[in-house]
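See below for the structure under consideration.
The values are calculated or read from the model by the stated rules, or taken from the named source; none is laboratory data. Predicted, not measured: the structure shown is a model, and the values here were computed from it. In this analysis, Cβ positions are derived from the backbone assuming ideal geometry, glycine residues included, and neighbour counts consider all displayed protein chains. Just the protein is used for accessible areas: all its heavy atoms, side chains included, with ligands, DNA and RNA removed. Shrake-Rupley method; radii C 1.70, N 1.55, O 1.52, S 1.80 Å.
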Amino acid sequence: DPSHIADLYNNTTILFADIVGFTDRTSVMSPHDVVVMLNDIFSRFDYLVDIYDLNKVKTIGDCYMVTSIPSDELEHDGCSRVCRFALDMMKAVRSFNNTGPRHGQINFRIGIATGQVVAGVVGTKRFLFDMWGDAVNVAARMEQSGLAGQIQVTKEVVESAGPDFTFERRGTLSIKGKGKMEVFILKSAHELNRKHSALDGRKPTSRALRSASMIDNF
């Protein structure tokens, strides 16, 4: 059906990541240096996307958007994969900073939400698979209201991620378009090779098991 361009999915986890102080930083950088910096750090993130079998949606400037594979299943490991990905993103940023980047170290804010989305393409030029919905907006708000160097998530993420993660309650924030929301900071995760996912009872993939040792080698 040519008119069918998007599908509704009831269970998708969305992540937004953004460089703290990007505008001020890049105002004293050449366009070439900005692109080189973004390519370096985003390539590290792309590597992780493959490890965790996630869906890179797009980059806009310094913003990086990733989601779990859209699903209608209420119980699957998409949320836990995104949470582990976020923690490894922070490791990748630290690794980048350890290289002594020419224009100084960078820091990221990361926000995660989970819920219903519509995913597909719109328009007739330069087709781009994208996502829309309240969960997407909330994930963006989690990033925008987050703290530098931290991963801020919603209560739904805490409930969906399972017991393999440690979260710290930040408190109740006034979120634009949503009002008061209880938010949490993702702090850590149990090692995959020590404990299987509590969400689906399956053993982690060999590629995921290798990731812990490979991340530190960026």
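In this calculation the C-beta distance from residue 8 to residue 159 is compared with R0 = 25 Å, giving a FRET efficiency of 0.70.
Two-decimal Rg/Rh of segment 79-190 from alpha-carbon positions, Kirkwood Rh?
On the way: Rg = 15.7 Å, Rh = 15.3 Å.
Radius of gyration over Kirkwood radius for segment 79-190 works out to 1.02.
With θ taken as phi - 60° and the Karplus curve 6.51 cos²θ - 1.76 cosθ + 1.60 applied, the whole-hertz 3J(HN,Hα) list for segment 115-120 is x, 7, 9, 10, 10, x Hz, x standing for glycine and proline. Taken one residue at a time, the phi angles of segment 136-144 give Karplus couplings (6.51, -1.76, 1.60, θ = phi - 60°) of 5, 4, 5, 4, 5, 5, 4, 5, 5 Hz. Gly and Pro are set to x. Near residue 112, once Lys and Arg are set to +1 and Asp and Glu to -1 for all other residues with Cβ below 10 Å from its Cβ, the sum equals -2.
Accessible surface computed residue by residue for segment 1-154, with neighbouring protein chains in place and a 1.4 Å probe, gives 47 Å² per residue.
Separation of segment 1-50 and segment 85-125, taken as the distance between their Cα centroids, equals 6 angstrom. Computed from point charges on the beta carbon alone (+1 for Lys and Arg, -1 for Asp and Glu), the dipole magnitude for segment 1-92 about its Cα centre is near 360 Debye.
Highest first, please rank the peptides 8-18, 163-173 by the mean number of other Cβ atoms sitting within 10 Å of their residues. Please list the in-between numbers first.
Numbers: 8-18: 22.9, 163-173: 13.7.
For the peptides 8-18, 163-173, the packing ranking is 8-18, 163-173.
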